[in-house]
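Just so it is clear, none of the values below were taken in a lab; they were calculated from the coordinates. Keep in mind that what you see is a predicted model, and the values were worked out from it rather than measured. Reconstructed Cβ throughout: ideal geometry from the backbone, glycine too, with neighbour counts over all protein chains shown.
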Amino acid sequence: MANKITSYCDLIVWQKAMDLADLVYDLTDAFPKHERYGLSQQMRRAAVSIAANIAEGTRHRTPGYLSRVIIALGEHAELETEALLAGCRRFIAPAAMKRFEAFAESVGQLAHALVNSLEQRIEQRSK
């Protein structure tokens, strides 16, 4: 029997987004000092925003929830782009980048699945 979801904290996508944000903080701790208010800050903001938008979405009716998850996916794409730039600048080592990519891929897949589920829910209610 599946566990009942009573809070956004029960959502695997939120849990993994929090893990991704934690990883981003670890990765950006090693960035050069001159990036403290640049790329490092942008990556942290985007990573936190993914989990925050998923959590906020749960407080809305389904269309608003869907909107927040779509915003989270936008932040996800932003974070991936910033990480690629950080990798090109050699701020993130190749092994750490592989770890980031695995976390990011998992979050992206789960968020897309949540979007699909919410879209189906909206479609069913409109019938």
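Checking each residue in region 1-40 for being closer than 19 Å to CYS88 by Cα and in a helix (DSSP H, G or I) picks out LEU23, VAL24, TYR25, ASP26, LEU27, THR28, ASP29, LYS33, HIS34, GLU35, LEU39, SER40. Take ALA52 and decide whether it is closer than 26 Å to SER117 by Cα and crowded, with 21+ Cβ neighbours inside 10 Å. When the stated conditions are applied, ALA52 does not pass them. Of everything in region 58-110 that's in a helix (DSSP H, G or I) and among the aromatic types (Phe, Trp, Tyr), which residue is surrounded by the most Cβ atoms within 10 Å (Cβ to Cβ)? My answer is PHE100. Figure legend. Inter-residue proximity from region 108-124: first residues within 12 Å of ALA72 (Cα to Cα), second residues surrounded by 14 or more Cβ atoms within 10 Å (Cβ to Cβ) and charged (D, E, K, R), beta-carbon distance below 7 Å, spacing 6+ or different chains. Indicated pairs: LEU110/LYS16.
Scanning region 27-48 turns up no residue that is under 23 Å from GLN120 (Cβ atoms) and surrounded by fewer than 20 Cβ atoms within 10 Å (Cβ to Cβ).
For region 41-54, the criterion of being part of a helix (DSSP H, G or I), among the hydroxyl-bearing types (Ser, Thr, Tyr) and free of Cβ contacts under 8 Å to residues at least 24 places away in the same chain is met by none of the residues.
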